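The next block holds one structure in the form of structure tokens; read it before the comments.
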């Protein structure tokens, strides 16, 4: 961990060495996805070279519990109990200037997370995430992490993004439940939400139970839709019960229908507790 903090102070010299090596052809050129994975892994390993992939003059943080810029990132790492950090990137995808990940963490306790990084000219300039505690397997025995991991059908990325965005807006935002059958192959639907069983039947039962408890699960607005092939991540804002809530939903599409789903639901901190003012989205 100390090496990461040291790297923050020595960023200019690290960057100069890295750029020189690239110019001479001695260092392999990494993809944006590989750079962002290296930054996440550095939380655990303390690899100082990974800091060179972040723009030191322009790094905007949307995790509201972490202060802005590299200084905020360094301070958060410093507060971690020594040797406690663990990072395991389960799924990694890229969409234009964005890369996004499904990650298993020990970050102030075991957590499931989604991370999004935006790049400009090969450097990370912006970061969003959603984090929640790891839970036991759901009623179908599925965890928050298992299931398909590799994308396919890259040529269908835009069509799949449109399908999933339309599903979220039609069903989750507008509540037009009579249209639900348009997005699924019957009851074939693998579910990784901690409390919901497989299939549309499992989803229906879970929503019924929430209704009995007087808990509303509301999606108000879609903020971001990212995809790589048959995987699509949707970032939305709404309410869960009486709490202002951020929804990150990852879908796998198969043969033009939604086939699998993972999510991380996080309550948004009240503004009085924000450590930056970039907003959650």
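Read-outs throughout are calculated quantities, based only on the coordinates presented, and are distinct from any laboratory measurement. In this text the structure is predicted, and so the values were computed from the model without any measurement. No Cβ is skipped: glycine too gets one built from the backbone with ideal geometry, and neighbour counts run over all protein chains shown.
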> Most mobile of 164, 264, 89 per a Gaussian network model of the chain (Cα springs, under 10 Å)?
Replying inline: 89
> For Cα extents along the principal axes in Å, the choices are (1) 50, 41, 33; (2) 59, 43, 31; (3) 48, 48, 35; which was calculated from the structure?
Replying inline: (2)
> Taking 0.36 nm per residue of separation and subtracting the Cα-Cα distance, what length does fully extending residue 239 through residue 90 add?
Replying inline: 50.9 nm
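Which shape class applies to region 154-271: rounded if a/c is under 1.5, otherwise prolate when a/b exceeds b/c and oblate if not, where a ≥ b ≥ c are the square roots of the Cα gyration tensor eigenvalues?
On the way: a/c = 1.85, a/b = 1.27, b/c = 1.46.
Judged from the Cα gyration tensor, region 154-271 comes out oblate (a/c at least 1.5, b/c at or above a/b).
Per 0.36 nm of contour for each residue apart, how much would the distance between residue 49 and residue 140 grow if the chain were fully extended, relative to their Cα-Cα spacing? Mind showing how you got there, number by number?
Values: separation 91, 0.36 × 91 = 32.76 nm, distance 4.19 nm.
Length difference between fully extended and current span is 28.6 nm.
Remind me, relative contact order of the chain in percent, using alpha carbon pairs under 8 angstrom and six or more residues apart? Display every interim value, and only then the final one.
Working: 553 pairs, mean separation 48.2, N = 281.
This gives 17 percent for the chain.
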> Using a Gaussian network model of the chain with C-alpha springs under 10 Å, which one of 137, 28, 56 is most mobile by mean-square fluctuation?
Replying inline: 28
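Specify whether the C-alpha gyration tensor of region 72-198 places it in the rounded, prolate or oblate class, a ≥ b ≥ c being the square roots of the eigenvalues: rounded for a/c under 1.5, otherwise prolate if a/b is larger than b/c and oblate if not.
Values: a/c = 2.19, a/b = 1.39, b/c = 1.57.
Taking the square roots of the gyration eigenvalues as a ≥ b ≥ c, region 72-198 is oblate.
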> What is the list of residues in region 191-225 whose amide nitrogen lies under 17 Å from a point 7 angstrom out from the Cα of residue 176, following Cα to Cβ?
Replying inline: 219-222
> Most fluctuating residue of 121, 94, 254 in a GNM of the chain with Cα springs under 10 Å: which is it?
Replying inline: 121
>> Rounded, prolate or oblate for region 142-216? Axes are the square roots of the Cα gyration tensor eigenvalues, ordered a ≥ b ≥ c, and the cut-off for rounded is a/c under 1.5.
In response: oblate
>> Counting only helical runs of four or more DSSP H residues, what would the 222 nm mean residue ellipticity of the chain come to if each run contributes -39,500 (n - 2.57) and the total is spread over all its residues?
In response: -8000 deg cm²/dmol
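Which percentage, to the nearest 5, of the DSSP beta bridges contained in the chain is antiparallel?
90 percent
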